[in-house]
Amino acid sequence: MAADVPLLRARDVSKLYGARVGCRDVGLDLWPGEVLGIVGESGSGKTTLLGCLSGRLVPTSGSVEFMLRDGTVVDVLQLSEPALRKLARTDWGVVHQNPRDGLRAGVTAGANVGERLMALGARHYGRIRAEALDWLDRVEIDRGRIDDWPETFSSGMQQRLQIARTLVTRPRLVFMDEPTGGLDVSVQARLLDLVRGLTADLGLSAIIVTHDLAVTRLLAHRLLVMRGGEVVESGLTDQVLDDPQHPYTQLLVSSVLQP
Amino acid sequence: MSAYNFAFLDEQTKRMIRRALLKAVAIPGHQVPFGSREMPLSYGWGTGGVQVTASVIGPDDVFKVIDQGADDTTNAVSIRQFFERTTGVRTTTRTDAATLIQTRHRIPETPLREGQILVLQVPIPEPLRWLEPREIETRKMHALEEYGVMHVRLYEDITRHGHVETAYDYPVLVNGRYLMRPSPIPKFDNPKLDRNPALLLFGAGREKRIYAVPPYTPVRSLDFEDHPFTVERWDRTCALCGAADAFMDEIVVDDKGGRMFVCSDTDHCERRRGR
């Protein structure tokens with residue numbers, strides 16, 4: 001694995017919805033083990049960009065390259081659908097803002113965690129269950145809840161279950177869209193702590209989209225600030241947050257309420 | 001009945017269905033769409049099976065109809081009479097004497113042989129239907145062999161009941177490739193699908209799908225390594241013929257809790273009793 005090749009490289013990614021701009025000319029490099037935060041107000045193109053990077057949206061122009069486990073670099077936008085779906089099942093994971101989008105309702109927590117294992121060919125009930133229990137421990141869900149339905153979980157637990165379900169197959173890159181959205185602050189804090197621990201332990205790379213600057217300060221190594229579909233500022237997290245250069249970033253940072 | 005064509009359907013429709021059948025045989029377990037016709041019986045009564053039968057039946061065939069194992073129930077009698085009147089072919093209740101058998105919910109106990117055709121009536125052909133409601137997505141899942149979610153269902157069964165609770169329409173993998181619903185046969189009959197010498201044709205009229213298991217095709221019932229597939233067993237024998245290895249129906253015989261267990265396959269039972 002060459003150390004000078006980024007895990008994910010995007011160049012000039014633009015997504016137009018007719019005349020309207022989703023995102024325009026975005027370029028970024030994500031290095032192995034790095035957590036990249038994308039911040040900006042609602043409608044600034046964060047989620048569109050995330051969709052383009054994770055192959056769920058087709059950009060109008062630009063390129064997205066991803067380095068596979070064996071070190072070869074593939075153009076995500078040129079991949080065939082089977083290859084893209086395989087990548088999404090193995091090397092990638094997506095954590096949705098609303099856990100209900102990421103969880104399978106109507107099956108137990110254990111089956112939710114085991115689904116990706118079974119999709120990759122696990123066919124031993126006992127081992128799948130043991131792995132699910134292990135992951136419930138890791139995301140601090142009581143083992144006794146393994147046979148309960150996700151709908152009986154609190155929203156914080158649902159979000160943690162979604163994270164367990166995504167990470168169980170050890171993806172190398174996780175896309176998170178507002179992972180703490182809709183959670184109260186103490187639950188947020190626990191979740192952030194958990195995600196920080198997991199990314200460090202597993203050496204995960206992650207791209208986290210959020211409008212919450214506190215989340216990025218805790219999790220992200222680097223930041224992209226977006227506005228109107230374009231990246232207006234980027235750099236190390238503390239550099240951007242403590243010494244913002246662009247007027248919009250300055251506004252964003254100064255609008256955070258300090259309790 | 002000269003007002004009708006041989007076997008009711010017009011020749012163009014039969015050719016269309018035969019083309020679908022050829023494709024289904026060429027890709028075992030794959031669901032082939034076909035232009036299902038309105039038939040003179042209601043959906044759910046075997047419109048798919050009747051159309052497949054009408055397309056393959058010939059003047060020299062000996063025809064048998066099974067409904068839940070029996071030859072003498074309304075559905076079986078009606079379909080048998082329908083083909084008697086529209087084709088004039090000979091009919092039988094004997095599995096070994098028939099060349100063409102249309103069935104609902106059972107595969108006969110008597111082993112099938114080369115040259116026989118078994119037509120199964122299918123209510124819902126898509127095995128992934130209750131797990132994924134979008135047709136466009138299930139077709140992709142079939143195309144890409146993404147069948148892991150089927151094991152999620154089996155996992156749930158084992159988690160809730162300690163064993164796989166699915167007792168009929170138990171999902172199978174055909175020829176190591178396509179996931180298939182074997183129609184609502186009891187899982188007791190699943191092993192009979194595997195490497196069967198007869199040609200097995202499946203017709204779903206309302207859903208407009210045809211699929212097939214050609215002779216001697218491997219068919220495997222899904223399971224977990226530590227929870228292998230098993231079939232039903234009864235700790236009693238048939239009250240009429242004494243068979244111990246057949247699929248049993250439980251029949252309530254009075255209003256005092258009395259009940260008896262008898263073979264579901266009436267032909268098998270009668271011949272064991274020497275009739």
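The values are calculated or read from the model by the stated rules, or taken from the named source; none is laboratory data. Note that this is a predicted model, so its numbers are computed, not measured. So basically every Cβ, Gly included, is an ideal-geometry build from the backbone, and we count neighbours across all protein chains shown. Protein only, heavy atoms only, side chains kept; ligands, DNA and RNA dropped before computing areas. Shrake-Rupley method; radii C 1.70, N 1.55, O 1.52, S 1.80 Å.
Points worth noting:
- For the range B:131-161, a residue qualifies if it is free of Cβ contacts under 8 Å to residues at least 12 places away in the same chain, facing chain A (nearest Cβ under 10 Å) and part of a loop (DSSP other than H, G, I, E, B), and the qualifying residues are B:Leu144, B:Glu146.
- When residues of the range B:146-178 are limited to those that are on the phi > 0 side of the Ramachandran plot and in contact with a Pro (Cβ under 9 Å, 6 or more places away or on another chain), the one surrounded by the most Cβ atoms within 10 Å (Cβ to Cβ): B:Asp169
- Residues in the range B:87-111 that are open to solvent by 20 Å² or more (accessible area, probe 1.4 Å) and either hydroxyl-bearing (Ser, Thr, Tyr) or outside any strand (DSSP E or B) (or both): 13 in all.
- Members of the range A:120-142 found to be open to solvent by 40 Å² or more (accessible area, probe 1.4 Å), away from chain B (no Cβ under 14 Å), assigned to a helix (DSSP H, G or I) and in contact with a helix residue (DSSP H, G or I) (Cβ under 8 Å, 6 or more places away or on another chain), listed by number: A:Asp137, A:Arg138
- Considering the range B:68-86, and only residues there that are in a helix (DSSP H, G or I) and of a type in the set (A, V, I, L, M, F, W, C), the residue that is nearest to B:Gly48 (Cα to Cα) turns out to be B:Ile79.
- Selection status of B:Gly49, on the phi > 0 side of the Ramachandran plot, surrounded by 17 or more Cβ atoms within 10 Å (Cβ to Cβ) and in contact with a helix residue (DSSP H, G or I) (Cβ under 9 Å, 6 or more places away or on another chain): no
- Long-range neighbours under 7 Å by Cβ, at least six apart or interchain, first residue within 13 Å of A:Gln158 (Cα to Cα) within the range A:130-141, second in a loop (DSSP other than H, G, I, E, B) and open to solvent by less than 60 Å² (accessible area, probe 1.4 Å): A:Leu136/A:Ile146
- Residue that is modelled with the highest pLDDT [pool: residues in the range B:1-27 that are assigned to a loop (DSSP other than H, G, I, E, B) and farther than 19 Å from B:Gln102 by Cα]: B:Ile27
- Within the range B:57-82, tally of residues that are hydrophobic (A, V, I, L, M, F, W, C) and over 20 Å from B:Arg106 (Cα atoms): 2
- Tallying residues that are hydrophobic (A, V, I, L, M, F, W, C) and open to solvent by 10 Å² or more (accessible area, probe 1.4 Å) within the range B:182-196 yields 1.
- Selection status of B:Asn190, in contact (Cβ under 8 Å) with a residue 60 or more places away in the chain and away from every other protein chain (no Cβ under 13 Å): no
- Matching entry among B:Ala198, B:Ala212, B:Ala243 (being in contact with a Ser or Thr (Cβ under 8 Å, 6 or more places away or on another chain) and touching a residue at least 12 places away in the same chain (Cβ under 8 Å)): B:Ala243
- Matching entry among A:Ala200, A:Ala220, A:Ala164 (being open to solvent by 60 Å² or more (accessible area, probe 1.4 Å) and more than 14 Å from chain B (Cβ to nearest Cβ)): A:Ala200
- Residue list for the range B:55-70, filter: open to solvent by 20 Å² or more (accessible area, probe 1.4 Å) and aliphatic (A, V, I, L, M): B:Val56
- Enumeration of residues in the range B:162-175 that are more than 13 Å from chain A (Cβ to nearest Cβ) and touching a residue at least 12 places away in the same chain (Cβ under 8 Å): B:Thr166, B:Ala167, B:Tyr168, B:Asp169, B:Tyr170, B:Pro171, B:Val172, B:Val174, B:Asn175
- Among the residues of the range B:102-130, the one identified as within 14 Å of chain A (Cβ to nearest Cβ) and of a type in the set (A, V, I, L, M) is B:Leu128.
- Residue match in the range B:137-146 (condition: of a type in the set (Ser, Thr, Tyr) and modelled with pLDDT of 95 or more): yes
- The set of residues in the range A:69-106 that are touching a residue at least 24 places away in the same chain (Cβ under 8 Å) and part of a helix (DSSP H, G or I) comprises A:Leu84, A:Leu87, A:Ala88, A:Arg89, A:Thr90, A:Pro99, A:Arg100, A:Gly102.
- Hey, A:Val5 closer than 18 Å to A:Phe175 by Cβ and in a loop (DSSP other than H, G, I, E, B) or not: no
- In the range A:95-113, the residues that are away from chain B (no Cβ under 14 Å) and open to solvent by 40 Å² or more (accessible area, probe 1.4 Å): A:His96, A:Gln97, A:Asn98, A:Arg100, A:Asp101
- Residues of the range A:1-18 that turn out to be at pLDDT 90 or above and either open to solvent by less than 30 Å² (accessible area, probe 1.4 Å) or at negative phi (or both), as a count: 11
- Of the residues contained in the range A:30-45, none is found to be touching a Cys at 6+ places or on another chain (Cβ under 9 Å) and in a helix (DSSP H, G or I).
- Residues that are within 19 Å of A:Ser54 (Cβ to Cβ) and touching a residue at least 40 places away in the same chain (Cβ under 8 Å) number at least 2 in the following strands (runs of 3 or more DSSP E) confined to the range A:183-259: A:205-210, A:222-227.
- Test: residue in the range A:69-85 that is within 14 Å of chain B (Cβ to nearest Cβ), over 23 Å from A:Pro32 (Cβ atoms), among the polar types (S, T, N, Q) and surrounded by fewer than 15 Cβ atoms within 10 Å (Cβ to Cβ): yes
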